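The numbers here are math on the coordinates, done by the rules we state, and not lab data. As the structure is a computational prediction, the values presented were derived from the model and not from experiment. All Cβ positions, even for glycine, are placed from backbone atoms using ideal geometry, and neighbour counts span all protein chains on display.
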Amino acid sequence: MKGVSPISFMAEHPTHSVETPAQKIFDHTGESLSRCYQCGKCTAGCPMSEEMDITPSRMMRMLQYDDPAMEEEALRSYSVWLCLTCGTCLARCPQEIDIPGVMDFLRTESLRKGMMNPSAKNIVSFQKSFIDSLRLTGMLYEVGLVAGYKARTWKLFQDMSLVPWLFLKGKLNLLPHRVKDRKTVKKIFRETVK
């Protein structure tokens, strides 16, 4: 709980039972959004801010309110899916708020509550295919990733003209390589589900 004053902790943890968006984020990420004073450096440095429907600084401000409608708007936004988690915002933030961690939490909540932005369907399909590849082999298996993505999106023939060239250049392996310690990989996935 870096830099959390007793006053901001109490503000994010009142005695009533309804959890505010800021409380939920604090409980799951340890980030106190009350530390954000809207300097805008996160948005200025974000390589995706021009494509976002809600910029990072505006997202932080919306989540500071105790307004369920603003929380829902944040969870339904396209921005949480466009965030690259590159860390530029975190590096620029004078308060060192882990905005990528907050965005990751918002993505998880968006999926859990069924509020995913429809425009993010392909992004979510890619993310799920990527995670499935890691879960299966412990490392990225490109053919499995592409097959999983194409099966989820029905874009079966998109980029197919590249396959022979990639295969001949040795860039695509038909069989996956596996990490030696698969038990550790399984343990990591078990722990992240908790």
Pairwise label distance in nanometres, residue 29 with residue 127, each label 7 Å out on the Cα-Cβ vector: 1.3 nm
Residue exposure sequence - 97, 188, 123 - by fewest surrounding Cβ within 10 Å: 188, 123, 97
Quick test of the membrane-span-like rule: which DSSP H helices of the chain reach at least 20 Å along their long axis (C-alpha atoms) with mean Kyte hydropathy at least 0.0? 121-137
Given a 10 angstrom Cα cut-off, can you work out which residue in 163, 143, 124 is the most mobile in a GNM of the chain? 163
Given the options 149, 37, 78, state which has the largest fluctuation in a GNM of the chain using a 10 Å cut-off (strictly under) for Cα springs. 37
Going down the table (121/155; 24/113; 128/186; 128/155), which pairs top 23 Å between alpha carbons? none
By the 4.7 Å beta carbon criterion, which cysteine residues of the chain come out unpaired? 36, 39, 46, 83, 86, 93
Net charge near residue 39, counting Lys/Arg +1 and Asp/Glu -1 over other residues with Cβ under 14 Å of its Cβ? +4
Just how large is the dipole of the range 119-193 about the Cα centre, in debye to the nearest 20, putting +1 at every Lys and Arg Cβ and -1 at every Asp and Glu Cβ? 260 debye
Between 119, 161, 77, find the one with the highest GNM mean-square fluctuation for the chain; connect C-alpha pairs within less than 10 Å. 161
How are the alpha carbon pair distances in the chain distributed across 5 Å bins from zero to the largest one, expressed in percent? 1, 7, 13, 15, 16, 14, 13, 10, 6, 3, 1, 1, 0
Stretched fully, the stretch from residue 179 through residue 161 gains (0.36 nm per residue minus C-alpha distance, one decimal, in nm) 3.5 nm
Virtual spin-label span in nm between residue 153 and residue 39, 7 Å along Cα→Cβ: 3.7 nm
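The chain: longest stretch without exposed GluC sites (Glu not before Pro) (DSSP loop, at most 14 other Cβ within 10 Å), sites themselves excluded?
97-194
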Per the charge dipole of the chain (beta-carbon charges, Lys/Arg positive, Asp/Glu negative, Cα centre), the residue among 140, 26, 153 reaching farthest to the positive end is 140
Expressed in angstrom, Rg and Dmax over the Cα atoms of the range 119-193 are 13.9, 40
Hey, fewest Cβ within 10 Å first, where do 189, 126 land in order? 189, 126
Give me the distance in nm between label points sitting 7 Å out from Cα along the Cα-to-Cβ direction at residue 104 and residue 19, one decimal. 1.8 nm
May I have the pair-distance distribution P(r) for the range 6-114, computed from all Cα-Cα distances with 10 Å bins from 0 and rounded to whole percent? 16, 51, 29, 4
Expressed in nm to one decimal, what extension gain is obtained for the pair residue 189 and residue 172 from 0.36 nm per residue of sequence separation less their Cα-Cα distance? 3.6 nm
